[in-house]
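Following: one structure in structure tokens, then a few remarks.
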Amino acid sequence: MAGRVAGKVALVTGGAKGLGEADARALAAEGAQVVLTDVDEAGGQAVADDIGAVFKPQDVTDEARWQTIIDEIQRDFGALHVLVNNAGIVLPGSIESQTYAQYQAQMTVMADGTFLGSKYAIPLMAASGGGSIINMASVVSKLAYSGVVSYAAAKGAIEGMSRSIAAHCLESGYRIRCNSIHPGIINTPMVQNFGAQAGDVAVDAPQPPEGPLPAEAGVLGAPRNIADLVVFLASDESAFITAQEFVIDGGMSMLPAPLVHELQ
């Protein structure tokens with residue numbers, strides 16, 4: 001079914017590459033007017049030019065920039081229906097090896113970025129008749145991995161925040177849904193960079209560019225596997241779904257712990 005989000009205005013953070021790029025491409029292909037943001041100006045502009053979207057440079061930790069971007073979307077499009085809080089970073093480290101600065105960096109980009117984006121988008125979304133906030137969490141907030149303590153903390157914060165945002169919007173009568181997505185290991189530049197830092201070789205496993213995962217692919221997913229869910233949650237097909245957590249990990253969370261760590 002084409003045009004599943006036709007007529008909607010969607011804002012995607014971290015849209016220059018990885019999951020954000022896949023989300024922006026999928027939403028644009030289904031008819032949305034996409035505004036994508038990133039600190040990578042060259043990469044973000046290239047994606048925007050390719051899909052007919054609008055690019056805006058943004059550091060999601062900058063509160064004033066959030067206010068400016070929402071004001072510009074209201075001025076230029078008159079509405080906002082979809083917010084995908086996707087921007088993120090990962091710096092490997094355990095509770096002993098992780099520095100406080102690394103902890104703060106990850107919490108600020110992901111937890112604070114999601115807080116600020118939702119806070120400033122909600123009034124415009126409510127005035128637009130409602131919509132969908134989609135927050136990118138992670139399966140690591142549900143499983144035990146020693147080497148990503150701060151990343152897990154940030155994603156856990158997003159998980160809990162999403163439920164609170166959903167409750168607030170429901171109680172306020174805003175007709176705004178809020179759900180979180182919990183990807184497993186997805187073949188993105190961020191995962192590849194993390195693998196290089198942590199000595200992980202799983203990201204080199206063969207993987208089709210899109211579509212359902214074959215059984216032999218193990219737990220490595222493609223960005224399009226997540227983007228398909230983003231389109232569904234952005235569309236009116238999910239109009240009765242809010243405050244939910246969607247684990248999409250190719251069965252990773254069902255695997256015995258030793259096997260998961262071998263594949264990690």
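When the solvent-accessible area of the chain is split by element, carbon and sulfur atoms take up 55 percent of it, the probe being 1.4 Å. Look at (1) -0.52, -1.24; (2) -0.46, -1.38; (3) -0.75, -1.26: the one that is log10 I(q)/I(0) by the Debye sum over Cα atoms at q = 0.10, 0.17 Å⁻¹ derived from this structure is (2). Between the helical axis of 18-29 and the longest alpha-carbon principal axis of the chain there is an angle of about 40 degrees.
Taking every C-alpha pair closer than 8 Å and separated by at least 6 residues, the mean separation divided by the residue count of the range 13-135 gives a relative contact order of 25 percent. Structure remark: mean-square fluctuation, Gaussian network model of the chain, C-alpha springs under 10 Å; the largest value among Leu143, Leu11, Leu91 belongs to Leu143.
For the chain, the longest principal axis of the alpha carbon atoms and the long axis of helix 41-51 meet at an angle near 70°.
Short-range pairs are left out: with C-alpha atoms under 8 Å and at least six residues apart, the relative contact order of the chain is 19 percent.
The angle separating the long axis of helix 63-77 from the principal Cα axis of greatest extent in the chain is about 50 degrees.
The values are calculated or read from the model by the stated rules, or taken from the named source; none is laboratory data. Predicted model only: the values in this text are computed from it and were never measured. For accessibility, only protein heavy atoms count, side chains too; no ligands or nucleic acids. Shrake-Rupley method; radii C 1.70, N 1.55, O 1.52, S 1.80 Å.
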